[in-house]
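One structure below.
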Amino acid sequence: MIRYLFIFCLIVAQQTISVSQGWDEYPAIINRIIPPTFPQKDFLVTNYGAIGDDVTDCTDAFKKAIEKCHIAGGGRVVVPNGIYLTGSIHLLSNVNLYISKEAVIKFSIDTKKYLPVVYASWEGVECMNYSPLIYAFEQENIAVTGEGILDGQGAYNNWWSWKGNKDTTKPDQSVARTKLNEMGEKNVPVVKRIFGEGSYLRPNFFEPYRCKNVLVEGVTFKNSPMWFINPVLCNNVSILSVTIEGLGPNNDGCDPESCSDVLIKNCFFNNGDDCIAIKSGRNNDGRRVNVPSENIIIQGCTMKNGHGGVVIGSEISGSVRNVYVEDCFMDSPNLDRALRIKTNSIRGGVIENLFMRNVKIRQVAEAVVKVDYYYEEGDAGNFTPIVRNIEIKNIECNKSKFAIWIRAYERSPITDICFQNCTFNNAAKPNVIENVKHLSLINVKVNVKER
C-alpha cells in the first residue's frame, strides 16, 4: 500500500462549528420561493398576426398578444409550432410566455429591433441601453415556460464581435465600456447614461428588472448576445429545468444580480463564460444601489463548459450572503473551476454564508475551489473585500490542476472556511492557501491512492 502527496485530517476548531448551522436556515428560504401561477386563459400569438415561417417579423404580434393577456387579467401567451422571428419582447404582469415543444423564437440580429433604449444593467452598472431580448421592468408574476427554444442568434458575425476584434478598424465595446464605468464612478444620473446604437454594449437575453415573482421553466436558451438570464433587483425567482447553451464571449448562464430568494434547480449549463454567477453591482455604482444578493439556492444542476460552475463576483460591490449549493454535477476539460469567488479592493463588498454539499466533479481545468482577491485590477482600491463563513462538504473531484486555490489579503484574511469529507484525486499541483484564518480540513484527501 502506497499513499502519496497530501492527506489532511484536522479537528474542527470551535470558531467554525457555527458554519454547518447555516443549513438550518435553508428550509425557511426554500419554502418562501414559490413560482407564480397564472389564469387558465391562452392567447395565441398567431391570432395577433404572428406567422411561424422564419421570415415574417412578429415583433408587433408578440406585443399585441402580451398586452391583451395583461389587460384581461393574465394567462399564457402561447407560441405554437413554427419559427418566429422577432425583436425584443417586453413582458407585463401576470403574463406567462409559453413556447410550445416544436416552437422556436428566433431573435433578430437587426440592432434597431432593440430600441428605444431601456433602463438596464450592463456588467453591474445601471444605464440606458439596448433592450434585452426579453425584458420586464417593475412587473409582478411573469414567466417564460414551455419546451421550445429561444435562439438569440449570437455569433461572431454579429453581436459577439463587439466584445473586441483583432482587427482594430472594426468597432467594439471598449470605448463605451470605459465611458459607462466612468459615469458610474462619477454618479452620473442613470437616465443620462445613454448608450444603445453606436455604443456596442451587447444586450443580455432575459433581464427582468425590479420584478417580483419570476419563473423560467423548461425552455432552452441558445446563443445570447451576452449574458443569458440576468434578473436584477428581483424577489422570488425560480429557474427550473432550463437548458442554457452558448459558447460566445460573456455567455454567462444565469446571473442573479442584487436579488433575494432565488432557486436555480435541475438546469443544464454549457457556456462560454460562468455557468452561474451571483452578482450585486460593480464598484461605486454597486455601492450606490447597495442591495445584496441573498438567499440563493442552487440544486441538482449540471455544468459542462464554462469559466466556473458556481461563481460569486466579480461585480459584487453590494455584497452576497446565504448561498446554498447541493447535488450538482460538473464535468469538462473546458470548465475552469467548480466554485469560484472573484473580487478585489476596487469591488469591495462582503461575501458570507456560502454552503456547498454533495457535488460530484469529474474534471475541471484549474482549481476545484478558487477564491481570488486579486481578480482583474487586484489590490488597487480602498474597498477591502471580506469573505467569511464558508462550508464545503462531501465534494468529489477526479481531476484538476489544484484542489484548493485561495489568495486573500493579509489585512483581510478569509475567515472560517471548512472543508469536510472531500476527496480530490489527480490534482496536478499542491494547494495554494494564502491568508486564511480559521481553516478546517476534516477528512479531506488529496491524491490518496492505494495499491
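The values are calculated or read from the model by the stated rules, or taken from the named source; none is laboratory data. Everything quoted here is computed from the prediction, not taken from an experiment. All Cβ positions, even for glycine, are placed from backbone atoms using ideal geometry, and neighbour counts span all protein chains on display.
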ask   = Could you list, in sequence order, the residues of the stretch 104-130 that are crowded, with 22+ Cβ neighbours inside 10 Å and part of a helix (DSSP H, G or I)?
value = Tyr114
task = State which residue pairs qualify: first residue of a type in the set (D, E, K, R) and inside the stretch 181-194, second residue in a helix (DSSP H, G or I) in any location, beta carbons under 6 Å apart, and separation of 6 or more residues or different chains.
result = Glu185/Asn284; Arg193/Met183
task = Keeping to the stretch 29-62, report how many residues are free of Cβ contacts under 8 Å to residues at least 40 places away in the same chain, buried (at least 19 other Cβ atoms within 10 Å of the Cβ) and of a type outside the set (Phe, Trp, Tyr).
result = 4
request  = Scan the stretch 167-192 for residues that are surrounded by 14 or more Cβ atoms within 10 Å (Cβ to Cβ) and aliphatic (A, V, I, L, M) and jot them down.
outcome  = Ala176, Leu180, Met183, Val188, Val190
key: Long-range neighbours under 7 Å by Cβ, at least six apart or interchain, first residue buried (at least 24 other Cβ atoms within 10 Å of the Cβ) within the stretch 251-274, second of a type in the set (Phe, Trp, Tyr)   = Asn251/Phe228; Asp252/Trp227; Asp252/Phe228; Gly253/Phe228; Gly253/Phe269; Cys254/Phe228; Asp255/Trp227
key: Qualifying residues in the stretch 92-103 (those that are touching a helix residue (DSSP H, G or I) at 6+ places or on another chain (Cβ under 9 Å) and part of a loop (DSSP other than H, G, I, E, B)) - the one nearest to Pro36 (Cα to Cα)   = Asn94
inquiry  = I want to confirm something. Restricting to the stretch 409-451 and keeping residues that are out of contact with any Cys (no Cβ under 9 Å at 6 or more places or on another chain) and of a type in the set (Val, Ile, Thr), which single residue is farthest from Arg388 (Cα to Cα)?
reply    = Val448
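Every residue, every condition in (1) surrounded by fewer than 24 Cβ atoms within 10 Å (Cβ to Cβ); (2) over 29 Å from Pro189 (Cα atoms), yes or no:
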site	(1), (2)
Val216	no, yes
Ala277	no, no
Thr302	yes, yes
Gly318	no, no
Arg321	yes, no
message = Go through the stretch 228-244 and report how many residues are buried (at least 21 other Cβ atoms within 10 Å of the Cβ) and within 21 Å of Val104 (Cβ to Cβ).
response = 5
ask   = Are there any pairs, at least 6 apart or on different chains, whose C-beta atoms fall under 8 Å, with the first in the stretch 425-451 and of a type in the set (Asp, Glu) and the second at pLDDT 95 or above, and if so, which?
value = Glu434/Ile406; Glu434/Arg407; Glu434/Ala408
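Residues to consider are Gly164, Gly154; find the one that is buried (at least 21 other Cβ atoms within 10 Å of the Cβ) and under 22 Å from Asp110 (Cα atoms). Let's see the steps before the verdict.
Values: Gly164 fails: buried (at least 21 other Cβ atoms within 10 Å of the Cβ).
It is Gly154.
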request  = Select from the stretch 72-91 the residues that are under 23 Å from the mean Cα position of the chain (by Cα) and either touching a residue at least 60 places away in the same chain (Cβ under 8 Å) or in a loop (DSSP other than H, G, I, E, B) (or both) and list them in ascending order.
outcome  = Ser88, Leu91
query = Got at least one residue in the stretch 334-341 being modelled with pLDDT of 95 or more, more than 22 Å from Asn271 (Cα to Cα), surrounded by fewer than 24 Cβ atoms within 10 Å (Cβ to Cβ) and polar (S, T, N, Q)?
reply = no
ask   = Mind checking whether some residue in the stretch 179-187 is modelled with pLDDT of 95 or more, farther than 25 Å from Ile346 by Cα and either hydrophobic (A, V, I, L, M, F, W, C) or more than 23 Å from the chain's Cα centre (by Cα) (or both)?
value = no
query = With (1) under 22 Å from the mean Cα position of the chain (by Cα); (2) over 27 Å from Ile346 (Cβ atoms) as the list, and Lys370 as the residue in question, which single condition is left unmet?
reply = (2)
remark   = So, first residue closer than 18 Å to Asp379 by Cβ in the stretch 334-352, second residue assigned to a loop (DSSP other than H, G, I, E, B) and among the β-branched types (Val, Ile, Thr), Cβ within less than 8 Å, six or more apart or across chains; the pairs are Ser345/Thr384; Gly348/Thr384; Gly349/Thr343; Ile351/Thr343
query = Can we say Ile278 is closer than 23 Å to Pro27 by Cα and either small (Gly, Ala, Ser) or touching a Pro at 6+ places or on another chain (Cβ under 7 Å) (or both)?
reply = yes
